[in-house]
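Contents: one structure, followed by commentary.
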């Protein structure tokens, strides 16, 4: 954790170095793609899941944007893999089922494709490329798991204590989430940094009803109860180093 923060701070310092003017030939060779490595502060919002708290997870991927022209606008996309989700402050042992059945974390492994419009700040020939970003991310959930109790063990452990990998199904979430994005990117000759705020637009709660028209609980085996049928969406504050 400390090494990651130190690396990001050093890259930010490089990116904020005094700007210089590029020649035409240097502008033609300016790299418009690269790798990104960073971390997320992420959580789940909506009314279905109770007492959400931020969760820390890594992210990595690559990016590409269209070449710079006289116009300040550029299109940016890429691919990212992220570990997202949320912690939950559900610690009370007086809830039904006891403390070992209280959900404490939901982990999401996602594959993300950003679709961003970049607006360049400052002159075109400045050595640093400083951008305001806005757009959307299409996020596919590859794996989702609930963790229960003080030890944050996978729910499958409680469904069948003989195996932590018993019937390792995903949670009943919709497989695709769309997130609105705003951000800032600052990149120099060889490295830079980026910060983005991402907020889920659609409801991930795949609500199902029983024969009596009652909402089937999102997690039948966990407490607090998850049978309200309310919204489940994510938010994510992402910091990335660019190479």
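The values are calculated or read from the model by the stated rules, or taken from the named source; none is laboratory data. Please read these numbers as outputs of a predicted model, since none were measured by experiment. Counting neighbours? That spans all protein chains shown, and the Cβs are built from the backbone with ideal geometry, glycine included.
Residue by residue, here is whether (1) surrounded by 15 or more Cβ atoms within 10 Å (Cβ to Cβ); (2) part of a strand (DSSP E or B); (3) within 15 Å of the chain's Cα centre (by Cα); (4) modelled with pLDDT of 95 or more holds:
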position: 81; (1), (2), (3), (4): no, yes, yes, yes
position: 96; (1), (2), (3), (4): no, no, no, no
position: 115; (1), (2), (3), (4): no, yes, yes, yes
position: 119; (1), (2), (3), (4): no, yes, no, yes
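Look at segment 222-242 and say how many of its residues are in a loop (DSSP other than H, G, I, E, B), in contact with a strand residue (DSSP E or B) (Cβ under 6 Å, 6 or more places away or on another chain) and buried (at least 18 other Cβ atoms within 10 Å of the Cβ). The total comes to 2.
Of all residues in segment 182-211, those satisfying the criterion of being over 16 Å from the mean Cα position of the chain (by Cα), within 30 Å of residue 121 (Cα to Cα) and in a loop (DSSP other than H, G, I, E, B) are 188, 189, 190, 191.
Considering only segment 52-67, I want to know if a residue exists there that is out of contact with any strand residue (DSSP E or B) (no Cβ under 7 Å at 6 or more places or on another chain), modelled with pLDDT of 90 or more, closer than 30 Å to residue 224 by Cβ and not in a strand (DSSP E or B).
Initially, segment 52-67 is screened for residues out of contact with any strand residue (DSSP E or B) (no Cβ under 7 Å at 6 or more places or on another chain), giving 67.
Restricting the remaining residues to those that are modelled with pLDDT of 90 or more gives none.
Within segment 52-67, none of the residues are out of contact with any strand residue (DSSP E or B) (no Cβ under 7 Å at 6 or more places or on another chain), modelled with pLDDT of 90 or more, closer than 30 Å to residue 224 by Cβ and not in a strand (DSSP E or B).
What number of residues within segment 192-221 satisfy the criterion of being without any contact (Cβ under 8 Å) to a residue 24 or more places away in the chain and buried (at least 21 other Cβ atoms within 10 Å of the Cβ)?
Kept after step one, since they are without any contact (Cβ under 8 Å) to a residue 24 or more places away in the chain, are these residues of segment 192-221: 207, 209-217, 220.
Remaining after also requiring buried (at least 21 other Cβ atoms within 10 Å of the Cβ): none.
Final tally of qualifying residues: 0.
Among the residues of segment 38-51, the ones that are part of a strand (DSSP E or B) and within 22 Å of residue 223 (Cα to Cα) come to 4 in all.
Between 86, 101, the distinction of being closer than 23 Å to residue 222 by Cα, touching a helix residue (DSSP H, G or I) at 6+ places or on another chain (Cβ under 8 Å), surrounded by 12 or more Cβ atoms within 10 Å (Cβ to Cβ) and modelled with pLDDT of 80 or more belongs to 101 only. Residue-level analysis places residue 223 among those that are modelled with pLDDT of 85 or more and in contact with a helix residue (DSSP H, G or I) (Cβ under 6 Å, 6 or more places away or on another chain).
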